[in-house]
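These notes are about the structure you will find just below.
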Amino acid sequence: MEDQIYVGNATVDAPADRGWLLGHFKPAADVRHSDDVEVKWGIYAPGDRRAQWVTGERRTAVIILISGRFRVELPGRSVLLARQGDYVMFRGIGHSWHAELESVVISVRWPSVPGYAVPGYAVPGQDAGESR
């Protein structure tokens with residue numbers, strides 16, 4: 001039963017996988033492995049931004065602001081998340097983002113599929129070729 005339970009802290013666990021707590025990229029035996037959904041606890045410094053626009057998007061996503069001021073760029077539209085609980089949801093749409101202030105956001109995407117990581121971006125101790 002213990003192998004089907006994981007107790008953690010998102011702020012502590014998130015840096016190990018670019019903020020992602022759950023998804024296809026976790027080991028198959030890990031309760032946090034899922035091909036159905038990905039969950040991210042994102043902590044961003046002011047000025048942090050996605051290194052490149054997401055293209056060929058097939059997933060659905062929701063980004064929820066916990067704290068800060070966070071902007072999501074969509075084709076022809078810029079969405080500002082400024083109040084705790086503000087969120088944006090989109091399906092199959094390319095996007096980018098940047099933190100206007102120090103921000104914490106929860107991102108949920110489905111399904112969980114490889115191929116969207118920014119090439120060359122690496123977390124210390126992790127292979128830069130791994131996809132998120």
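Checked against the criterion of being in contact with an Asp or Glu (Cβ under 9 Å, 6 or more places away or on another chain), modelled with pLDDT of 95 or more and among the β-branched types (Val, Ile, Thr), the candidates 106, 64 yield just one match: 64. Checked against (1) surrounded by 14 or more Cβ atoms within 10 Å (Cβ to Cβ); (2) modelled with pLDDT of 95 or more, residue 89 passes all but a single condition, namely (1).
Of all the listed residues (17, 3, 30, 36), the sole one being under 23 Å from residue 67 (Cβ atoms) and acidic (Asp, Glu) is 17.
Taking the criterion of being closer than 22 Å to residue 13 by Cα and among the aliphatic types (A, V, I, L, M), the residues of the range 42-58 that qualify are 43, 45.
Of the residues making up the range 27-74, those that are surrounded by fewer than 19 Cβ atoms within 10 Å (Cβ to Cβ), among the charged types (D, E, K, R) and within 19 Å of residue 106 (Cβ to Cβ) are 32, 36, 48, 49, 50, 57, 59, 69, 71, 73.
The values are calculated or read from the model by the stated rules, or taken from the named source; none is laboratory data. Model, not experiment: these values are computed from the prediction. Because the Cβ atoms are built from the backbone with ideal geometry, glycine has one as well, and the counts that use them run over all protein chains shown.
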